[in-house]
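Take a look at the structure set out below.
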């Protein structure tokens, strides 16, 4: 199978974490890097799934946010526009989509939602790791949700590395996990029951040291099996 993975445009080490994770599920996976710098948006049409990675803050003007904000200094408008088009194409050809961290935020913006520019400024505690110490916290998962079915749990622990978060939820998205302080930690597509795997998570399953964690391995296993299922549908 071929999975398109958006370039983080930053640390090569962190980008490789995504590839290692995706290729660690016991199924042969060929990962294709997607980026405006390569100008290969059309590659989405030949992929069996799309992964939206972490990285830059989303350009505020895309969701009606503040034009100038002291805490938003790392943006790449060209990346935003490229990846929004990638989401549109992926949904258009009916392939699974997994958004991670920034991927959740951009997915929310794609569906018309808005973002909190900075959690701490909004009165929340930090959700960011400090130095070599990984920030981890618990999440509560909605009973009966797709994520609940994927993970098999109603409460679990995840890593955390973000300063922005979902504010207003986008159209057709369903909130399925929150942190104890109320931050939205996962959303799934709820507007069309025939849509394949479409899941956005705020944490980084690809970086979890406890790979067997159902909020890492469970997501990977279901993502890969969903790709196989959709390949069967497309090949009929």
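The strands (runs of 3 or more DSSP E) found entirely in the stretch 29-104 that carry 1 or more residues being in contact with a helix residue (DSSP H, G or I) (Cβ under 9 Å, 6 or more places away or on another chain) and either free of Cβ contacts under 8 Å to residues at least 12 places away in the same chain or surrounded by fewer than 17 Cβ atoms within 10 Å (Cβ to Cβ) (or both) are 30-34.
Listed by first and then second residue, the pairs linking a residue in the stretch 9-26 that is over 19 Å from residue 210 (Cβ atoms) to a residue that is at pLDDT 95 or above and part of a helix (DSSP H, G or I), with Cβ atoms under 7 Å apart and 6 or more places separating them unless they lie on different chains, are 9/79. Of the strands (runs of 3 or more DSSP E) lying entirely inside the stretch 135-236, those carrying at least 2 residues that are buried (at least 16 other Cβ atoms within 10 Å of the Cβ) and out of contact with any helix residue (DSSP H, G or I) (no Cβ under 7 Å at 6 or more places or on another chain) are 135-141, 173-179, 184-189. The condition of being assigned to a loop (DSSP other than H, G, I, E, B), at negative phi and surrounded by 14 or more Cβ atoms within 10 Å (Cβ to Cβ) does not hold for residue 3.
The values are calculated or read from the model by the stated rules, or taken from the named source; none is laboratory data. Since the structure is predicted, the reported quantities are computational estimates derived from the model, not experimental observations. No Cβ is skipped: glycine too gets one built from the backbone with ideal geometry, and neighbour counts run over all protein chains shown.
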